[in-house]
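Everything on this sheet refers to the single structure shown next.
The numbers here are math on the coordinates, done by the rules we state, and not lab data. Source: prediction; values computed, not measured. Note that we place each Cβ from the backbone using ideal geometry, even for glycine, and neighbour counts take in every protein chain shown.
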Amino acid sequence: MHSSLSLSFSSSTAIPRSGHSSELSCAAPPSPLNLRFCGLRREALGFSSPKRNDSCRVIVSSRGRSKKVSASVSDNGSAPKAFDYDLVIIGAGVGGHGAALHAVEKGLKTAIIEGDVVGGTCVNRGCVPSKALLAVSGRMRELQSEHHLKALGLQVSAAGYDRQGVADHANNLASKIRNNLTNSMKALGVDILTGVGTILGPQKVKYGKVGFSENVITAKNIIIATGSVPFVPKGIEVDGKTVITSDHALKLESVPDWIAIVGSGYIGLEFSDVYTALGSEVTFIEALDQLMPGFDPEIGKLAQRVLINPRKIDYHTGVFASKITPAKDGKPVRIELIDAKTKEPKDALEVDAALIATGRAPFTNGLGLENISVVTQRGFIPVDERMRVIDADGNLVPHLYCIGDANGKMMLAHAASAQGISVVEQVTGKDHVLNHLSIPAACFTHPEISMVGLTEPQAREKAEKEGFEVSVAKTSFKANTKALAENEGEGLAKLIYRPDNGEILGVHIFGLHAADLIHEASNAIALGTRIQDIKFAVHAHPTLSEVLDELFKSAKVHAHVPSPVGEPVTV
Amino acid sequence: MASPLLSRVSISNATAGNTISFSSSVSNGLLWRRSIAFPDKSRRKVSTVQAKIREIFMPALSSTMTEGKIVSWIKSEGDVLSKGESVVVVESDKADMDVETFYDGILAAIVVGDGEVAPVGAPIGLLAETEEEIAEAKAKASKSGSSAPPPPPAPAAASASPAAPAVAPPKSAASAPVPDGPKKIVATPFAKKLAKQHKVDIGSVVGTGPFGRITPADVEAAAGISPSKSTGVNVVSPVAAAPAPVAAAAPKAAASPAPPPIPGSTVVPFTTMQAAVSKNMVESLSVPTFRVGYPVLTDKLDALYEKVKPKGVTMTALLAKAAAMALAQHPVVNASCKDGKSFTYNSSINIAVAVAINGGLITPVLQDADKLDLYLLSQKWKELVEKARAKQLQPHEYNSGTFTLSNLGMFGVDRFDAILPPGQGAIMAVGASKPTVVTDKDGFFSVKSKMLVNVTADHRIIYGADLAAFLQTFAKIVENPESLTL
């Protein structure tokens, strides 16, 4: 299943953050991409009033399924059938967790099946532990930057670190978040069922550990949220010691002197930040002609200038790693490079370690998709814009949804969670379509990169097709008081918008705390707020948020556009 | 050593020049890509036009910009450029901008390297029209001494390569497991960067790292520079995952090659200005200088000073004016030697005067001191000192001097020896004027005020007789100071 993905580069299709296909008419196939972001929602404990109400089951089933479902099995209009659960979620990652919490809030009797550990990739092998490592690398970077410290008037003698201590920090963080997640679901009354979940047929799931007796349960609705695993291209032998994936790297069992990172997407970039801060030298191997292919070109250019060029990093672009052999018998890791276009051998590298960060492949093994005649596409489970699963004949499978990495629409933890919430909204009778263009993404390098909506080339393409004008506004962190106070003036915020009506098409930020700054823009896109309105919103001074304030204010929206608020705007 | 050596070095104007205005933003309204439209009005032009070698100047990217930092050169030396292509990224006080070339050509030499700072209008690179001119341009770049970046041992590749094998241990045993095929050079990413930076031919470096690879330390050794401190030291157990004894941390941290500091001493890093002074001091060592002293009687000058003092005239202005008038008669002392092959006669007489300011030293310049009258000169001087105090001197106000004056007389110093600032021909050190018993030619004793001046000059262009004649003229002017007020 995984090998059906033959690309060995990361997040490298023309559309960077894959998907968007529901909103955009573009036919971009969902592509694997490096997800490592997650926003866990409400893992904090203390929800005191789980509104669990069994009687609502009746209400739900009587109203439910009013959607057009052209499937053979439908209980539409039939008498309420007794199900074990209103909702069963297969996979307790961030997506499943988000869906479960929202389902409880909506009064559904919910169960979640987890075959591994609660929290999934994000919490255990992804964004969470990587943030712990990046927190360390950020501090190391500051302490090592004599120039920076001197400018602040600080003097620090040689900074050092204890590898095991750093690794423990990452591990402790993951288990803490995992416990929070588990407890929050338990406290709300979500049944956590252990074992591998398999779909037996419509509304029927079995689960159980290997070698134990299996349980069969029925559910009104089922959500598949099984996530993804690191994608390793053919020819690469992963030994977990010298040739590793992000799963191994996050344990930080060693800090090699020289590590090659295959793929310069989010995962690769973040790890380059960690490794160079801890003293490694890094060589990037990227299949496309330029590094950081998924980013807005201008942001990518600046990011390369700040995150790659001054650091102990070099790179090979336009090449595939056709064969990687782990270190053994006193020989280093050997990487054979071939030209990405001509496939001719180009070069060979010998390094101390190699990290494979070529994206992620959906994990759908053992799900029993054949029982409901669903065929995956390049490993992904096909869904419509409401996350309803589509079978081999192109029909919707009733009561079955798929969210998160497994559907490949947008391989981000918080996107999975948002999709899960959208599904719960639907099954409780409120039609909901998630706007993927309002989902932000971030890369937690130092400084950070964040984005929402379209890149400039995407926006220009769309504008040409639909016949509207596109404008771009930019502000620099160098003009921001707070950034200068921190001596971190390096950075750029970029706004792509329609000057005729003030619609925000995309925002891209590179700079200090960019990942936190993006939400003003993503919220504006989600709520449909126009520039002419948001530019009157007040920002505290002096804050980094003023970068966005400046950005909105510098946009030129043509007058005489009736704004939703009705406030006349002089521009 | 009160040697004003700040000329032509961009000093810490950055602090003052960095006008932080949060209302100013770089929006799309501002031209994102600026071009090198920089009509050079500075004296550097003089040497330019001979061949078709064009200078790429530090552009003014904003109205408040006085100097710019080279973020990175997009092109490398030897790259062929076509008109309109981005060549270099420059950081101003507001933003980073790509700078484009106005001409087709070959980037012959990078004068100001990555991460370095140059004042607006200074040449940062040279563009040759044809390949034949590259060598010429390169020579020019290396000669443009004063403003050039610190040329770290540039020719290291040539000189160090024979030495390197001696340094490197016999590596036959270590490098045994070299794979089959033609032996290729394996260098780590940082080693390659360092080699490029220090212009070391990576092929000539012998690798001592694991599997015979070239490490950053190898390149540094080949370039003859002291190893940079390693970053990110894993204090405990670098590779072994096994629990390492905590004691391992201590010896590793203590292993510092620097001489042990005396207990209780503190290390204070240079400020930008101090770093600039330090750089210029070292640079001055490449110029062969000599000194000539001369006694000057100052009774009449003192009398004149008392008269004009109420009108705001300072002793500095008097001395500057006197020096400028003397220089006008001895243009060779106002000349400079830029390339070791020629005299550069300066068209104007700009007297730089050393000023000590808090923790530093700067040389505001009285331009055209020979042409301005005493009162204007005094007025001008007052303004310059104010600006220096506020760190608001513009580059042309501190780096355009052709002759420097340094006066320690007010401290009672009777004579001292100044260091010649790079790029100038001579500097005058003025001591205190003291009542001294003198005999006249008839043998009569009298008490007169006498001051010792001592001039340091570049002997490549200024010889003993030149200096003596100049000092004679200077003494004559000071001793008959009426002409100063004309």
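Compute the Rg to Rh ratio over region A:514-558 from the alpha carbon atoms, using the Kirkwood formula for Rh, and round to two decimal places. That ratio is 0.94, to two decimals. Sort region A:105-229 into rounded, prolate or oblate with this rule: let a ≥ b ≥ c be the square roots of the eigenvalues of the Cα gyration tensor; rounded if a/c is under 1.5, and if a/c is not under 1.5, prolate when a/b is larger than b/c, oblate otherwise. Verdict is prolate for region A:105-229.
Peptides A:447-454, A:391-398, A:356-363, B:343-350 ranked from most to least packed, by the mean per-residue count of other Cβ atoms within 10 Å: A:356-363, A:447-454, B:343-350, A:391-398.
Spatially, region A:96-125 and region A:464-486 are offset by 38 Å when compared through their Cα centroids. Averaging Cα coordinates gives a centre for region B:359-376 and one for region A:228-277; these two points are 62 Å apart. What separates the Cα centres of region B:435-486 and region A:385-442 is a distance of 93 Å.
Over 24 Å between Cα atoms: which of B:K309/B:K476; A:K251/A:K482; A:K478/A:K553 fall into that group?
A:K251/A:K482
The H on the amide N of B:L127, modeled in the peptide plane, is under 5 Å from the matching H of B:R54, B:E55, B:I56, B:A108, each at least 5 residues off or on a different chain.
Separation of the alpha carbons by more than 27 angstrom is noted, of B:K300/B:K391; A:K150/B:K387; A:K150/B:K382, for B:K300/B:K391; A:K150/B:K382. For a straight C-alpha distance cut-off of 13 angstrom, the aspartates and glutamates reachable from A:K234 (same-chain residues fewer than eight places away being disregarded) are A:E336.
If a spin label sat at a point 7 angstrom from the Cα of B:F411 along the line to its beta carbon, the backbone N atoms of region B:312-354 nearer than 20 Å would be those of B:315-317, B:319-320, B:352-354.
Per-residue extension of 0.36 nm, minus the Cα-Cα distance of A:K462 and A:A540, leaves a gain of 24.6 nm for this segment. Peptide A:159-165 is shielded by partner chain Cβ atoms: per residue, an average of 6 of them sit within 10 Å of its Cβ. Listed by chain and number, the aspartates and glutamates whose C-alpha is less than 15 Å from the C-alpha of A:K341, apart from same-chain residues fewer than 8 away, are A:E286, A:D289. Based on Cα contacts under 8 Å between residues 6+ apart, region B:286-445 shows a relative contact order of 21 percent. For the segment B:277-285, counting C-beta atoms of other chains within 10 Å of every residue's C-beta and taking the mean gives 0.
Using the Kirkwood formula on the Cα atoms of region A:417-557, what hydrodynamic radius do you get, in angstrom to one decimal? By the Kirkwood definition, the hydrodynamic radius is 15.7 Å. Dimensions of region A:432-492 along the principal axes, based on C-alpha atoms and rounded to the nearest Å, stand at 43, 28, 18, largest first.
Let me know the charge dipole size of region B:349-486 about its Cα centre in debye, to the nearest 20, where only the beta-carbon of Lys, Arg (+1) and Asp, Glu (-1) is charged.
Computed charge dipole of region B:349-486: roughly 300 debye.
Its residue count N sets the reference 2.2 N^0.38 Å, and the alpha-carbon radius of gyration of region A:274-353 equals 1.21 times that reference. Pairs over the 29 Å Cα-Cα cut-off, from the set A:K535/B:K83; A:K241/A:K346; B:K138/B:K193; A:K186/A:K206: A:K535/B:K83. Scaled against the 2.2 N^0.38 Å expected of a compact globular protein of N residues, the Cα radius of gyration of region B:269-374 reads 1.29.
Each principal axis of the Cα atoms in region B:322-402 has its own extent, and those three values, largest first, are 38, 30, 17 angstrom.
Modelled label positions at B:K382 and B:V80, each set 7 Å beyond Cα in the direction of Cβ, lie 6.1 nm from each other.
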